[in-house]
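J.: Sharing a structure below in structure tokens format, with a few things to ask.
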Amino acid sequence: MTNETKELKTYTMQQLYAQPLEPVECLVDGLLAPGLYILGGSPKVGKSWMALQLCLAVCGGTAFLGRATRKSEVLYLALEDGPQRLHSRALRLADTAPEGLHLCHRAAPIGRGLERQIEAQLAEYPHIRLVVLDTLQKVRCVGGSGMTYGSDYEDAGILKALADRNGICLLVIHHLRKMTDEDPFNRLSGTNGLTGAADGTLILMRNKRRDGIATLYATGRDIEDVEEELEFADCRWSRAVPPEQLRLTLVVNALKKLLAEGEFRGTATELAAQLETQGSYWSPAILSKYLQSHDDALARCGILFETKRTNSKRLLCLRYEAQAGDACDTSDGSDGCDRHSYTEGVPSLPSPASRPSLAS
């Protein structure tokens with residue numbers, strides 16, 4: 001009896017509800033989960049640097065682009081880079097060689113041995129949970145005008161089935177088309193057959209070729225949609241600091257310097273004048289509103305703020321407590337290796353319950 005004539009194996013919604021709902025264990029929180037994912041980007045945009053950075057982060061269980069990772073072994077099929085280039089790049093990103101990162105620069109094509117090769121590696125090293133294939137074109141049998149929706153969907157379907165069978169995240173690196181499109185996901189080279197079969201798609205686009213800023217777009221079945229700016233410095237990708245966070249950092253640093261000499265009590269005009277001597281320029285009205293709307297963030301970094309009204313004027317009262325300031329989280333969630341990061345001193349917002357008081 002052929003597969004086409006077999007009866008459907010159905011189940012009821014009640015049976016489905018009776019099964020325990022297993023949570024999805026992401027390899028990278030909010031970005032990569034088990035299944036097939038495609039990372040697309042233009043040539044030389046930094047996809048391979050990002051792929052290697054990801055492999056190192058997952059092996060070490062450290063943050064990747066500000067997101068927690070699930071520590072596991074990794075198989076990196078770097079089909080465009082030989083051992084010498086991989087060695088050189090890895091030294092730029094890590095001082096020591098991590099355990100559990102398996103490298104390879106040659107593999108069979110899809111449908112002609114690739115799946116068997118990967119599953120043999122998974123059988124030998126069962127703790128591998130992430131496989132990175134760099135790039136898709138290196139393992140495809142069809143190219144040029146022969147690529148159709150059917151061939152794209154078939155190749156992606158084979159890779160997805162491989163990921164699903166083994167419960168791994170398979171990240172495939174691919175290129176973008178040169179033609180522009182308002183939807184970044186339509187820029188992926190080939191047809192919609194690739195994204196249609198994949199569980200998720202990530203697109204890395206630089207605003208300008210020589211610009212160190214890029215936008216990462218991501219969408220998928222098990223992740224929320226993502227659109228965030230990244231910064232490429234010292235061969236490493238990291239989250240770019242939003243302008244509002246950078247502004248808050250500058251205010252915190254200026255106030256700490258001012259309050260190191262003691263408590264401040266005065267009008268917004270007097271405070272603005274003192275900050276101006278440090279190169280921080282504010283109008284008194286905007287400064288007063290800004291401090292009131294960010295008092296929780298200031299308190300998290302040890303800067304205690306409140307207002308007091310007298311018969312003739314309104315006073316701003318600020319005091320710096322170094323002990324509270326020591327708890328200020330200045331990390332952007334990256335692994336701290338980017339020497340050109342602009343996130344130093346960026347405070348995170350505390351919960352209202354953790355905020356101290358000037359009366360304490």
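J.: Being under 15 Å from Leu39 (Cβ atoms) and open to solvent by 30 Å² or more (accessible area, probe 1.4 Å) is the filter here; which residues of region 112-159 pass it?
T.: Correct list: Gln137, Lys138.
J.: Scan region 64-76 for residues that are touching a helix residue (DSSP H, G or I) at 6+ places or on another chain (Cβ under 8 Å) and open to solvent by less than 30 Å² (accessible area, probe 1.4 Å) and jot them down. Step through it out loud before you land on a result.
T.: Step one: list which residues in region 64-76 are touching a helix residue (DSSP H, G or I) at 6+ places or on another chain (Cβ under 8 Å), which gives 64, 69-76.
Matches in region 64-76: Phe64, Thr69, Ser72, Val74, Leu75, Tyr76.
J.: Tell me which residues, restricted to region 31-42, are open to solvent by less than 10 Å² (accessible area, probe 1.4 Å) and in contact with a Gly (Cβ under 9 Å, 6 or more places away or on another chain).
T.: Leu31, Leu32, Ala33, Gly35, Leu36, Tyr37, Ile38
J.: Could you name every one of the helices (runs of 4 or more DSSP H) located completely within region 267-323 that has at least 1 residues being open to solvent by 40 Å² or more (accessible area, probe 1.4 Å), hydrophobic (A, V, I, L, M, F, W, C) and free of Cβ contacts under 8 Å to residues at least 12 places away in the same chain? Even if it seems obvious, please write down each step before you answer.
T.: Numbers: elements: 268-276, 284-293, 295-300.
Answer list for region 267-323: 268-276, 284-293.
J.: Among the residues of region 185-196, what is the count of those that are touching a Ser or Thr at 6+ places or on another chain (Cβ under 8 Å) and open to solvent by 10 Å² or more (accessible area, probe 1.4 Å)?
T.: 4
J.: Here's something else I'd like to know. Given the conditions (1) farther than 24 Å from Val58 by Cα; (2) touching a strand residue (DSSP E or B) at 6+ places or on another chain (Cβ under 8 Å), report the number of the one that Asp155 does not fulfil.
T.: Failing condition for Asp155: (2).
J.: Additional query: Please indicate, with yes or no, whether at least one residue in region 298-310 is in contact with a Phe, Trp or Tyr (Cβ under 9 Å, 6 or more places away or on another chain), among the β-branched types (Val, Ile, Thr) and at pLDDT 90 or above.
T.: Yes; the residues of region 298-310 include at least one that is in contact with a Phe, Trp or Tyr (Cβ under 9 Å, 6 or more places away or on another chain), among the β-branched types (Val, Ile, Thr) and at pLDDT 90 or above.
J.: Name every residue in region 205-229 that is surrounded by 15 or more Cβ atoms within 10 Å (Cβ to Cβ) and either on the phi > 0 side of the Ramachandran plot or not in a loop (DSSP other than H, G, I, E, B) (or both), in order of residue number.
T.: Of everything in region 205-229, those that are surrounded by 15 or more Cβ atoms within 10 Å (Cβ to Cβ) and either on the phi > 0 side of the Ramachandran plot or not in a loop (DSSP other than H, G, I, E, B) (or both) turn out to be Met205, Arg206, Ala214, Thr215, Leu216, Tyr217, Ala218, Thr219, Gly220, Val226.
J.: In region 92-106, what residues are of a type in the set (A, V, I, L, M), open to solvent by 30 Å² or more (accessible area, probe 1.4 Å) and part of a loop (DSSP other than H, G, I, E, B)? Break it down stepwise before answering.
T.: Let us first name the residues in region 92-106 that are of a type in the set (A, V, I, L, M), namely 93-94, 97, 101, 103.
With open to solvent by 30 Å² or more (accessible area, probe 1.4 Å) added as a condition, the list becomes 97, 101, 103.
The one that is of a type in the set (A, V, I, L, M), open to solvent by 30 Å² or more (accessible area, probe 1.4 Å) and part of a loop (DSSP other than H, G, I, E, B): Ala97.
J.: Looking at Asp199 and the list (1) under 20 Å from Arg70 (Cβ atoms); (2) surrounded by 20 or more Cβ atoms within 10 Å (Cβ to Cβ); (3) out of contact with any Asp or Glu (no Cβ under 8 Å at 6 or more places or on another chain), which single condition is not satisfied?
T.: (3)
J.: Return the pairs, sorted by first residue and then second, in which the second residue is open to solvent by 50 Å² or more (accessible area, probe 1.4 Å) and hydrophobic (A, V, I, L, M, F, W, C), the first residue lies in region 215-234 and is more than 24 Å from Pro34 (Cα to Cα), the beta carbons are less than 9 Å apart, and the residues are 6+ apart or on different chains.
T.: Hits for this filter: Asp234/Cys337.
J.: Residues of region 135-185 being touching a His at 6+ places or on another chain (Cβ under 8 Å) and assigned to a loop (DSSP other than H, G, I, E, B), which ones?
T.: Of all residues in region 135-185, those touching a His at 6+ places or on another chain (Cβ under 8 Å) come to 135-137.
Hit for region 135-185 is Thr135, nothing else.
J.: Restricting to region 294-303, count the residues that are within 28 Å of the chain's Cα centre (by Cα) and not hydrophobic (A, V, I, L, M, F, W, C).
T.: 3
J.: Further question: Being among the acidic types (Asp, Glu) and either in contact (Cβ under 8 Å) with a residue 60 or more places away in the chain or assigned to a loop (DSSP other than H, G, I, E, B) (or both) is the filter here; which residues of region 45-91 pass it?
T.: Our first condition is that a residue be among the acidic types (Asp, Glu); within region 45-91, this holds for 73, 80-81.
If the condition is that a residue be among the acidic types (Asp, Glu) and either in contact (Cβ under 8 Å) with a residue 60 or more places away in the chain or assigned to a loop (DSSP other than H, G, I, E, B) (or both), then Glu80, Asp81 are the ones that fit.
J.: I need the full set of residues from region 228-237 which are modelled with pLDDT of 90 or more and either of a type in the set (A, V, I, L, M) or farther than 20 Å from Ala57 by Cα (or both), in order please.
T.: Hit for region 228-237 is Leu230, nothing else.
J.: Continuing with this model, one more query. Give the residues of region 235-257 that are out of contact with any strand residue (DSSP E or B) (no Cβ under 6 Å at 6 or more places or on another chain), assigned to a helix (DSSP H, G or I) and open to solvent by less than 20 Å² (accessible area, probe 1.4 Å), sorted by residue number.
T.: Selection gives Leu248, Thr249, Val251, Val252, Ala254.
J.: Select, from Val28, Val45, Val24, the only residue that is under 21 Å from Thr195 (Cα atoms), open to solvent by 10 Å² or more (accessible area, probe 1.4 Å) and among the aliphatic types (A, V, I, L, M). Give the steps one after another, and end with the answer.
T.: Numbers: Val28 fails: open to solvent by 10 Å² or more (accessible area, probe 1.4 Å); Val45 fails: open to solvent by 10 Å² or more (accessible area, probe 1.4 Å).
Step by step, each of Val28, Val45, Val24 is checked, and only Val24 is under 21 Å from Thr195 (Cα atoms), open to solvent by 10 Å² or more (accessible area, probe 1.4 Å) and among the aliphatic types (A, V, I, L, M).
The values are calculated or read from the model by the stated rules, or taken from the named source; none is laboratory data. What you are looking at is a predicted structure, and each value in this text was computed from that prediction instead of being measured. Neighbour counts run over all protein chains shown; Cβ positions are idealised from the backbone, glycine included. Areas reflect the complete protein model, heavy atoms only, side chains present, ligands, DNA and RNA absent. Shrake-Rupley method; radii C 1.70, N 1.55, O 1.52, S 1.80 Å.
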